[in-house]
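**Student:** I have a structure I would like to understand better, so I am pasting it below and will then ask my questions one at a time.
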Amino acid sequence: MSSLHGFGLGIASENAAGASLDTFYPHPLAQVTGAAADVLQGVTGHLDVAQLKELASALEQTGETGLAVIARQLMDTDQRVVATPLADNVAPDSVEAAYLKLHLLSHRLVKPHETDLTGLFGLLPNVAWTDQGPIDLNELPQRQLDARLRGAVLEVSSVDKFPKMTNYVVPAGVRIAHTARVRLGAYLGEGTTVMHEGFINFNAGTEGPGMIEGRVSAGVWVGEGSDLGGGCSTMGTLSGGGNIVISVGKECLIGANAGLGIPLGNRCTIEAGLFVTAGTKVSVLDDCSETIETVSARTLAGRSDLLFRRHSSTGAVQCLTKKSAIELNEMLHANN
């Protein structure tokens, strides 16, 4: 039986030389199997009207009516229509494949780290994102002049490799106060609120519901019911986190202007203004607020029910837990 890791039928924007700048997939598919996979297996590249008509008929026979409807709608455009199959979960090898993987994430069809994005950052072109779509940077000056000659202004919202997510997909049940701060490839679970200063990068996101007023860096996953306070930050794999996957468990609170460089378990709190990295020295306290051991924060990675704070006089980083001193001490030495 045939199977595909993903498939997209969409519209590709190009520069004057014919190189792809982006691709919009209105109805991407993930983990396609059965008769639909048999139909889509060999469908790739630019499709003309006749090919789209044939594809739509074949998809209707398999019951994949959603993509069939898109195929018929795309017959009416004079833009470049492309089909992109992902045979396996491997690194993308084209702009079209890269955009399909980003769409799969933002459509909630795969979660962060479930699709291979190796080399994606270097594969995507750096373009001007405008109110007329993506424009090649070498072509931008002429396009700006053309607009002025018509008495108009070409609005350039950003110059970047990644566009904002909401120009491609708006997931159900989310609030985004400032859409430019959520990149395509972000995963926003239902019930997620992203406030004005919140930011969510590609291959990162939230299980939802949750409140994001800080930065969710690339690769970071935030669990259900967690709150990232204003100005806080999480270290991602592109910002010094190395290969460590930073995550925030369920019902956690990262205070305003705090930071996180280790994975957190559930129901953890980091005091406002405190940045906890893997090498941060932490005094672990028992139920009587007595220090039982001083460890690097990486020792506490993934543990639940922890409160990280600073001593009000010395500034030393402390960790309190609901566990007893004996239970905690056993936890610290479990892997010795």
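The values are calculated or read from the model by the stated rules, or taken from the named source; none is laboratory data. Treat the numbers as computed from the prediction; the structure is a model and nothing was measured. Cβ sites come from the backbone with ideal geometry, for glycine too, and all protein chains shown count toward neighbours.
**Student:** Which residues, counting only those in the range 152-184, are under 18 Å from GLY214 (Cα atoms) and either without any contact (Cβ under 8 Å) to a residue 24 or more places away in the chain or assigned to a loop (DSSP other than H, G, I, E, B) (or both)?
**Tutor:** Filtering the range 152-184 down to residues under 18 Å from GLY214 (Cα atoms) leaves 164-165, 174-184.
Within the range 152-184, VAL174, ARG175, ILE176, ALA177, HIS178, THR179, ALA180, ARG181, VAL182, ARG183, LEU184 qualify.
**Student:** In the range 89-107, is there at least one residue being touching a strand residue (DSSP E or B) at 6+ places or on another chain (Cβ under 9 Å) and farther than 22 Å from ARG183 by Cα?
**Tutor:** No.
**Student:** Taking LEU117 as meeting all but one of (1) aliphatic (A, V, I, L, M); (2) in contact with a helix residue (DSSP H, G or I) (Cβ under 9 Å, 6 or more places away or on another chain); (3) not in a loop (DSSP other than H, G, I, E, B), write down the number of the exception.
**Tutor:** It is condition (3) that LEU117 fails.
**Student:** Sticking with this one: Has the range 101-117 got at least one residue that is touching a Phe, Trp or Tyr at 6+ places or on another chain (Cβ under 7 Å), surrounded by 14 or more Cβ atoms within 10 Å (Cβ to Cβ), of a type in the set (A, V, I, L, M) and touching a residue at least 24 places away in the same chain (Cβ under 8 Å)? Don't jump to the end; show me each part of the working.
**Tutor:** Taking the range 101-117 as the starting set, the residues that turn out to be touching a Phe, Trp or Tyr at 6+ places or on another chain (Cβ under 7 Å) are 102-103, 105-106, 108, 111-112.
Subsequent filtering for residues that are surrounded by 14 or more Cβ atoms within 10 Å (Cβ to Cβ) retains 102-103, 105-106, 108, 111-112.
Of the ones still in play, those that are also of a type in the set (A, V, I, L, M) are 102, 105.
Among the residues that remain, those that are also touching a residue at least 24 places away in the same chain (Cβ under 8 Å) are: 102, 105.
Within the range 101-117, one or more residues are touching a Phe, Trp or Tyr at 6+ places or on another chain (Cβ under 7 Å), surrounded by 14 or more Cβ atoms within 10 Å (Cβ to Cβ), of a type in the set (A, V, I, L, M) and touching a residue at least 24 places away in the same chain (Cβ under 8 Å).
**Student:** Taking the conditions exactly as written (among the charged types (D, E, K, R) and out of contact with any Lys or Arg (no Cβ under 9 Å at 6 or more places or on another chain)), does ARG267 satisfy them or not? Quick ask: steps written out before the conclusion?
**Tutor:** On the way: among the charged types (D, E, K, R): yes; out of contact with any Lys or Arg (no Cβ under 9 Å at 6 or more places or on another chain): no.
The answer is no for ARG267.
**Student:** Hey, can you tell me all the residues within the range 272-289 that are charged (D, E, K, R) and surrounded by fewer than 18 Cβ atoms within 10 Å (Cβ to Cβ)?
**Tutor:** Correct list: LYS281, ASP287.
**Student:** Look through the range 290-318, keep the residues that are among the small types (Gly, Ala, Ser) and in contact with a Lys or Arg (Cβ under 9 Å, 6 or more places away or on another chain), and return whichever of them is surrounded by the most Cβ atoms within 10 Å (Cβ to Cβ). Write out each step before concluding.
**Tutor:** Going residue by residue through the range 290-318, those that are among the small types (Gly, Ala, Ser) are 296-297, 301-302, 304, 312-313, 315-316.
Remaining after also requiring in contact with a Lys or Arg (Cβ under 9 Å, 6 or more places away or on another chain): 296-297, 304, 316.
Details: SER296: 14, ALA297: 20, SER304: 16, ALA316: 14.
Looking at residues that are among the small types (Gly, Ala, Ser) and in contact with a Lys or Arg (Cβ under 9 Å, 6 or more places away or on another chain), I get ALA297.
**Student:** On to the next question. For residues that are in contact with a strand residue (DSSP E or B) (Cβ under 6 Å, 6 or more places away or on another chain) and of a type in the set (A, V, I, L, M), scanning just the range 275-294, find the one that is modelled with the lowest pLDDT.
**Tutor:** Step by step, filter the range 275-294, then rank; the result is ILE292.
**Student:** Please determine whether any residue of the range 217-240 is of a type in the set (A, V, I, L, M), over 18 Å from HIS107 (Cα atoms), buried (at least 20 other Cβ atoms within 10 Å of the Cβ) and assigned by TED's automatic domain parsing to the domain that holds LEU307.
**Tutor:** Yes, some residue in the range 217-240 is of a type in the set (A, V, I, L, M), over 18 Å from HIS107 (Cα atoms), buried (at least 20 other Cβ atoms within 10 Å of the Cβ) and assigned by TED's automatic domain parsing to the domain that holds LEU307.
**Student:** Which residues, counting only those in the range 188-204, are assigned to a strand (DSSP E or B) and either touching a Ser or Thr at 6+ places or on another chain (Cβ under 7 Å) or farther than 23 Å from GLY225 by Cβ (or both)?
**Tutor:** As a first pass, look at the range 188-204 and keep what is assigned to a strand (DSSP E or B): 188, 192-194, 199-200, 204.
Residues satisfying the conditions are LEU188, THR192, ALA204.
**Student:** All but one of (1) surrounded by 17 or more Cβ atoms within 10 Å (Cβ to Cβ); (2) free of Cβ contacts under 8 Å to residues at least 40 places away in the same chain hold for ILE135; state the number of the condition that does not hold.
**Tutor:** The one condition ILE135 does not meet is (2).
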